[in-house]
Each structure stands twice: as structure tokens, then as C-alpha cells.
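**Student:** Right, I'll just put the structure down here and ask away after.
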């Protein structure tokens, strides 16, 4: 039961991040930014694909992908907050979409790691019963 809750939270994190990036791309002008615009679309597609994989393939690999997705996206955002920015984009952490992005991506990392630990513990118990 705990694994299912964590799995759903990881999926929600992935879809939330994908939605934030899609909204910024489609409605906030990010589609016009070279390099960043296409990377936002990659984030949308990767977030949805990983969410489906985490939901239907109960293996550690898509969960690890979700953790990596969240971590890489968070690092990219943190780089955009620096004076040098990321590919010329300088963020300031003032928009609601930025907050939701950080929350959803951190959720991918935190809940993904928790899911891996729960899976490992349940696997260890199953082996011990044999």
C-alpha cells in the first residue's frame, strides 16, 4: 500500500512538472526562447513518458528515471537563478509556476527515493521468507 501511494506521488510530480513546463512554453512565451523553448518541450514529453512508465512498469528503472528527471530539472532551474543564468535565461523565483516546478520536481526526487527504499525493503523481506 505504501509503495502505491509513493508511486502515485512520483507520477503526480512528473505530470506536475510536465504541466508547468507546457504552460510556460505555450502561454508564457518560453516557446520563443532559443534552446530553452525546445528543452521545455523535451521536459513535457519526458515527464509524461516517465509518468506512464512509473505507473505501469513496476521496476526500479523508471523510478530511477523519475529521480534523475527531478534532479536534473531542479539543477537546471537553480542554474537559471544564478547571475550567469541558463542559456541566457535568468529566473528570480517569484512566479507561482516556479514554486510549483520546484515542489513537483523535488517530489519526484524525494518520493522516488522513498519508493526505491520501500521496494528494496519489501524485496529483502520476500527473500528472507524463502
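Throughout, read-outs are computed from the coordinates displayed, never taken from laboratory work. Keep in mind that this is a model prediction, so the values were computed, not measured. Every residue, glycine as well, gets a Cβ built from its backbone with ideal geometry; the counts of neighbours run over all protein chains shown.
**Student:** Kindly express, to the nearest 10 degrees and within the range 0 to 90, the angle between helix 36-56's C-alpha long axis and the longest C-alpha principal axis of the chain.
**Tutor:** 20 degrees
**Student:** Assuming R0 = 22 Å, what is the FRET efficiency of residue 57 and residue 90, from their Cβ-Cβ distance, to the nearest 0.05? Numbers along the way, then the final one.
**Tutor:** Details: r = 38 Å, r/R0 = 1.73.
In this case the efficiency is close to 0.05.
**Student:** Mind giving me the FRET efficiency for residue 116 and residue 48? R0 is 35 Å, r the Cβ-Cβ distance, nearest 0.05 is fine.
**Tutor:** Details: r = 21 Å, r/R0 = 0.61.
With a Förster radius of 35 Å, E is 0.95.
**Student:** Take the alpha carbon atoms of the stretch 1-103, find their radius of gyration, then divide it by 2.2 N^0.38 Å using N residues; give the quotient.
**Tutor:** Numbers: Rg = 14.1 Å, N = 103, 2.2 N^0.38 = 12.8 Å.
This ratio for the stretch 1-103 stands at 1.10.
**Student:** What does the C-alpha gyration tensor say about the overall shape of the stretch 31-83? Classify as rounded when a/c is under 1.5, otherwise prolate if a/b is larger than b/c, or oblate. Numbers along the way, then the final one.
**Tutor:** Details: a/c = 4.75, a/b = 1.77, b/c = 2.67.
Oblate, because a/c is 1.5 or more while a/b does not exceed b/c.
**Student:** Counting pairs of alpha carbon atoms under 8 Å apart in space and at least six apart in sequence, what relative contact order in percent does the stretch 41-101 give?
**Tutor:** Values: 28 pairs, mean separation 10.5, N = 61.
For the stretch 41-101, the relative contact order is 17 percent.
**Student:** Exposure proxy check: 44, 2, 110 ranked by fewest other beta carbons within 10 Å?
**Tutor:** Details: 44 21, 2 11, 110 16.
Neighbour counts put them in this order, fewest first: 2, 110, 44.
**Student:** If you don't mind, there's one more thing I want to ask. If you line up the long axis of helix 60-80 against the longest principal axis of the chain, both from Cα atoms, how many degrees apart are they, to the nearest 10?
**Tutor:** 30 degrees
**Student:** With the crude spin-label approximation of a point 7 Å out along Cα→Cβ, what separation in nm comes out for residue 8 versus residue 72?
**Tutor:** Label at residue 8, label at residue 72, 2.9 nm between them.
**Student:** Another question, if that's okay. Once the Cα gyration tensor of the stretch 46-130 is diagonalised, what are the square roots of 5 times its eigenvalues, in whole Å and ordered largest first, as equivalent ellipsoid semi-axes?
**Tutor:** Details: eigenvalues 218, 29, 21 Å².
One finds semi-axes of 33, 12, 10 Å for the stretch 46-130.
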